[in-house]
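First up is the structure itself, then whatever we jot down about it.
The values are calculated or read from the model by the stated rules, or taken from the named source; none is laboratory data. Computed from a predicted structure; not experimentally measured. In this analysis, Cβ positions are derived from the backbone assuming ideal geometry, glycine residues included, and neighbour counts consider all displayed protein chains. Ligands, DNA and RNA are stripped out before the accessible areas are found, and what is left, the full protein with its side chains, is counted by its heavy atoms. Shrake-Rupley method; radii C 1.70, N 1.55, O 1.52, S 1.80 Å.
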Amino acid sequence: MRKKLLTLLTALLILLSSAACASPAQPPAPAISSETLAVKAITDLPEDFILGMDLSSVLSEEESGVKYYDFEGRETDVFKLLKDCGFTHVRVRVWNDPYDQEGRGYGGGNCSPARAVQIGRRAAQYGLKLIVDFHYSDFWADPGKQTVPKAWQGMNLAEKTQALYAFTRETLRQFEAAGVEVTMVQTGNEINRFLCGETDWSRMQALLQAGIKAVREVFPEALAAVHFSNPEKAGAYREYAKRLDEYGVDYDVFASSYYPLWHGTQENLAAALSEIAETYGKKVVVMETSYAYTADDSDFFANTVGADSAAAPYPFSVQGQADAVRDVIDTTAHISDGIGVVYWEGAWISVGGASWEENHALWERYGSGWASSYAASYDPEDAGRYYGGSAVDNQAFFDSAGRPLESLKLFLLLRSGNTVGSDP
Ligand code: CA
């Protein structure tokens, strides 16, 4: 009798556990209510217009346990979802060696060449093309810092130029070998004032030319892009383009970051980029943009944009986010030879812990925050002091549980628009 009871109990337990396995994990109750998105159609948006998403932190997010869901609530590969939502390209940054001497990642996705290739392979799996973003640094490069990679420290310009050429060629060959369709390569990231430790244009241009030479050799069909930021600074883009022209830098695309909160009006952006497109016969791209759908933080690490942000040109709402991005696409598409817009890190959401301590452990272990404490040896002033999580989780196209926001439907509605108030 007792044995029979045990057998029954065991059978019941097996039944219960198999039922648990069979049912998909359900994310917690929605934090964002479903909104009906209103999209005004963009006239004459070219069929081949680039709609890109930077996904550089996605591997670290997944390794930290982040899951993404489709609009029906089913777990999905975020690359597939983006393809289904109308994206054409993925962008990925490449850092030379984002690890300390003990092999611990600096964070920000630990975007080594090998991991960038992994992201490229995932993109290719779903028919998404790739934009490669070389920082020529072991960690973040932007207008505030362009630290030379550890392995290139102490090199003279000729040595560094050769190293940069060889690194670019070798890395791109890895993408090629993995079957990744690389259609654009940027040699440097937001190189307003300096590149790879160099501040003089005569030296910067030598590095740019070396990188572009490697791009032409490995992917002759790909576009070579140079990438700057701060279009709101009067005359700055004119000056960069003039320098590039004077030195005969052989590039195809003048790319700009454009964050609506900080980078001036879209009219100004259009004027600055149009001038370069028309004067020098270049294509132009908005290589980074994003906008907040909420003022709230969700991962216990402060965001770059929040309730105290001044003069927000759109409300911090799901509709406000969609409107901002829609308008940037509209603006760019109507610049002569404006060929695309790339959204920055739209899947960099909370790693899901219930406290800073829980999240911190994941950021440190998997590199899913903007910087780990291990980056201090390379970047003591910034990462060494302010390491932590995602500063843009409120600018993602997913809520903190990985469910897509209504605003992600924007990209399928750009050409048709929809009727205000109807279900898109
Ligand atoms: Ca945050």
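The charge dipole of region 318-392, taken about the Cα centre with unit charges on the Cβ atoms of Lys, Arg (+1) and Asp, Glu (-1), comes to about 140 debye, rounded to the nearest 20. Here's the list of lysines a cross-link from Lys409 could span, going by alpha-carbon distance under 24 Å and ignoring same-chain residues fewer than 8 apart: Lys40, Lys67, Lys80, Lys83, Lys129.
Between Pro46, Pro113, Pro98, the GNM of the chain built on Cα springs shorter than 10 angstrom shows Pro46 fluctuating the most.
With the charge dipole of the chain set up from +1 on Lys and Arg Cβ and -1 on Asp and Glu Cβ about the Cα centre, the Cα lying farthest toward the positive end among the listed residues Ser309, Asn394, Ala163 is that of Ala163. For the chain, the longest principal axis of the C-alpha atoms and the axis of helix 2-22 are separated by about 30°. Spatially, region 273-320 and region 43-119 are offset by 19 Å when compared through their Cα centroids. Probing with 1.4 Å while keeping every protein chain in the model, the per residue accessible area of the chain equals 42 Å².
A P(r) calculated from all alpha carbon pairs of the chain, with 10 Å bins opening at zero, reads 5, 21, 32, 25, 10, 3, 2, 1, 0, 0 percent.
Rounded to the nearest 500, the 222 nm mean residue ellipticity of the chain from helices alone is -11000 deg cm²/dmol, with -39,500 (n - 2.57) taken per DSSP H run of at least 4 residues. Sparse packing (at most 11 other Cβ atoms within 10 Å of the Cβ) combined with a DSSP loop state is found for none of the trypsin sites (Lys or Arg not before Pro) in region 136-195. Please give the helix 201-218 orientation as an angle from the longest Cα principal axis of the chain, in degrees from 0 to 90, rounded to the nearest 10. That works out to roughly 60 degrees. Computed about the Cα centre, the dipole magnitude for region 32-81 is approximately 180 debye when only Lys and Arg (+1) and Asp and Glu (-1) carry charge, each at its Cβ.
Using a Gaussian network model of the chain in which every pair of alpha carbons under 10 angstrom is joined by a spring, one finds that among Asp399, Asp327, Asp200 the greatest mean-square fluctuation is at Asp200.
Surface composition of region 267-306: carbon plus sulfur atoms hold 49% of the accessible area, using a 1.4 angstrom probe and ignoring ligands, DNA and RNA.
Taking amide H as placed 1.01 Å from N in the peptide plane, the amide H of Ile50 sits under 5 Å from that of Gly340, Val341, each at least 5 places away or on another chain. Shape summary of region 113-204, radius of gyration then Dmax from alpha carbon positions: 14.1, 42 Å.
Which residue fluctuates the most in the chain, going by a Gaussian network model with Cα springs under 10 Å, if the choices are Gly154, Gly353, Gly108? For the chain, modelled as a Gaussian network with Cα springs under 10 Å, the answer is Gly154. Taking every DSSP bridge with both residues inside the chain, close to 15 percent are antiparallel. Computed from Cα atoms, the angle from the helix 318-333 axis to the main principal axis of the chain rounds to 30 degrees.
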